[in-house]
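In what follows, a single structure is set out as structure tokens and then discussed.
Just so it is clear, none of the values below were taken in a lab; they were calculated from the coordinates. The structure displayed is predicted, hence computed values, not measured ones. Note that each Cβ is placed from the backbone with ideal geometry, even for glycine, and that neighbours are counted across all protein chains shown.
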Amino acid sequence: MAVSEVTVANFLSYLQKVKKLSSHTIISYKNDLEQFNLFLLEECGVKDITKANHQHARGFIAKLIDEKNSASTANRKLSCLKAFYKYCLQQDLIKVNTISKVQGPRTTKKLPVFMEEADMEKLLKGLEFDDSFKGMQSKLILDLLYQTGIRRSELTGLKTADVDIYNSEIKVLGKRNKERIIPVNIELKRNLETFVTVKRDKGLTSDSMFVTEKNKPLSASQVYTLVKKYLSLVTTLHKRSPHVLRHTFATHLLNNGANINAVKELLGHANLSATQIYTHNTIEKLKKSYSQAHPRSGN
């Protein structure tokens, strides 16, 4: 194995064992570094990734933009490179980290896509779900995603033992293995309790909370397909993913007066700035209300 390959492998191991990043993030970093390594070899004649400099990184970013990648994608890959070369500097594999000062393309922040409250009511109260274990599980997953705001990876990682029926709460393992406790209301608590009983009676003994009828943990792609299927029945939104329900959870809480710091803790955000983007949706709602109701609004 070449020296550069060993360095990348050690970096990925560091991300997993020390930084506690998710497997999904580590795979993304691995792919980004492989892509940059190929660029260095084919476009620059550089065989050792540790020999790259800021000009190589800028050329890589420019190529991504030329290939019609979005600014956010280019910036994500640049973030990976910066983390890698920071690691190389810490390990004395390079003397100077010139890539740290490379700037990515400007991005325009888009407001999070969310469902209207009426559409959520239609989804959870108006739709008919199959009278089967699969139908019961599908409805519970949609309800849980909306009422707790957990990520798709957190849902698929949820264990039956993480559901505390007595205290009406669930324990979630979030990014960087950070645990948080999320309360559930009485109706959701009862639905969770009923589901656990039905699951046990069917002989589905997997530790995972949500499973296939063959007792295998539900995969991330299966959850995505499920959510997209049901959201398509009640909304015309272009995005119909599990993350839309997370956005909806946060937006509806703030629209109804929840404290932003409480929402931050429920979402498992490390910084308040990540939560503040949802306040823009509440501002847009205020603007709409003003436009519709104020006699001098111009409408």
query = Per the Kirkwood definition applied to all pairs of different Cα atoms, how many angstroms is the hydrodynamic radius of segment 85-222?
reply = 18.0
task = May I ask for the Rg/Rh ratio of segment 52-144, computed from Cα atoms with Rh as the Kirkwood radius, given to two decimals?
result = 1.31
note = Rh (Kirkwood, all Cα-Cα pairs) for segment 178-285, Å, reads 16.4
task = Could you calculate the contour length gain from Ala9 to Asn256, that is, 0.36 nm times the residue separation minus the distance between their Cα atoms, to one decimal place in nm?
result = 84.2 nm
remark   = Taking only the alpha-carbon positions of segment 3-101 as identical scatterers, the Debye log10 I(q)/I(0) at q = 0.16 Å⁻¹ comes out as -0.64
inquiry  = Could you derive backbone 3J(HN,Hα) for segment 232-243 from the dihedral phi with the Karplus parameters 6.51, -1.76 and 1.60 (θ = phi - 60°), listing whole Hz in sequence and x where the residue is Gly or Pro?
reply    = 4, 7, 10, 9, 9, 4, 5, 8, 9, 10, x, 5
query = So, in nm, how far is label Ser221 from label Lys68 when the simple model puts each one 7 Å beyond its Cα toward the Cβ?
reply = 2.4
query = Considering only DSSP states other than H, G, I, E and B, which GluC sites (Glu not before Pro) in segment 1-75 qualify as loop sites with at most 11 other Cβ atoms within 10 Å?
reply = Glu67
Förster radius 45 Å - calculated FRET efficiency between Thr107 and Lys47, Cβ distance, rounded to 0.05 = 0.90
Computed over segment 153-227, Kirkwood Rh from alpha-carbon pairs, angstrom = 13.0
ask   = Using +1 on the beta carbon of Lys and Arg, -1 on that of Asp and Glu, and nothing else charged, what's the dipole of the chain about the Cα centre, debye to 20?
value = 740
key: Length released on extending from Glu179 to Lys30, taking residue separation times 0.36 nm less the Cα-Cα span   = 51.1 nm
remark   = Rounded to 0.05, the calculated FRET efficiency for the beta carbons of Leu38 and Glu128 at R₀ = 51 Å is 0.50
request  = Compare the Cα positions of Tyr146, Ala250, Gly104 along the charge dipole of the chain (+1 at Cβ of Lys, Arg; -1 at Cβ of Asp, Glu; about the Cα centre) and return the one farthest towards the positive end.
outcome  = Gly104
remark   = Here segment 252-267 yields Karplus 3J(HN,Hα) values (6.51, -1.76, 1.60; θ = phi - 60°; whole Hz; Gly and Pro given as x) of 5, 4, 5, 4, 9, x, 5, 5, 5, 5, 5, 5, 4, 5, 5, 6
request  = Using only the Cα atoms, work out Rg/Rh for the chain, with Rh taken as the Kirkwood radius, to two decimals.
outcome  = 1.03
request  = Could you point to the residue in Leu266, Ile94, Gly174 farthest towards the positive end of the chain's charge dipole, with +1 and -1 charges on the Cβ of Lys/Arg and Asp/Glu respectively?
outcome  = Ile94
message = Using the Karplus curve 6.51 cos²θ - 1.76 cosθ + 1.60 with θ = phi - 60°, what ³J(HN,Hα) values do you get for each residue of segment 214-231, in whole Hz, with x for Gly and Pro?
response = 9, 6, 9, x, 5, 7, 4, 5, 5, 5, 4, 4, 4, 5, 4, 4, 7, 5
query = If contacts are Cα pairs under 8 angstrom and at least 6 residues apart, what is the relative contact order of the chain in percent?
reply = 16
task = Give me the orientation-averaged projected area of the Cα convex hull of segment 15-57, in nm², one decimal.
result = 3.4
query = Residues with amide H under 5 Å of Val211's amide H, sequence separation 5 or more or different chain, H placed in the peptide plane at 1.01 Å from N; which?
reply = Leu218
query = How many nm separate the modelled label positions at Gln91 and Leu237, each set 7 Å beyond the Cα in the direction of the Cβ?
reply = 4.1
query = Val46's amide H: which non-local residues (gap 5+, or another chain) put their own amide H closer than 5 Å, with H modeled 1.01 Å from N in plane and none for Pro or chain starts?
reply = Leu41
remark   = Taking placed amide H atoms and a strict 5 Å upper bound, the residues 5 or more places from Glu169 or on another chain that come that close are Asp164, Val184
remark   = Rg (one decimal) and Dmax (whole number) from the Cα set of segment 94-134, in Å, equal 23.6, 64
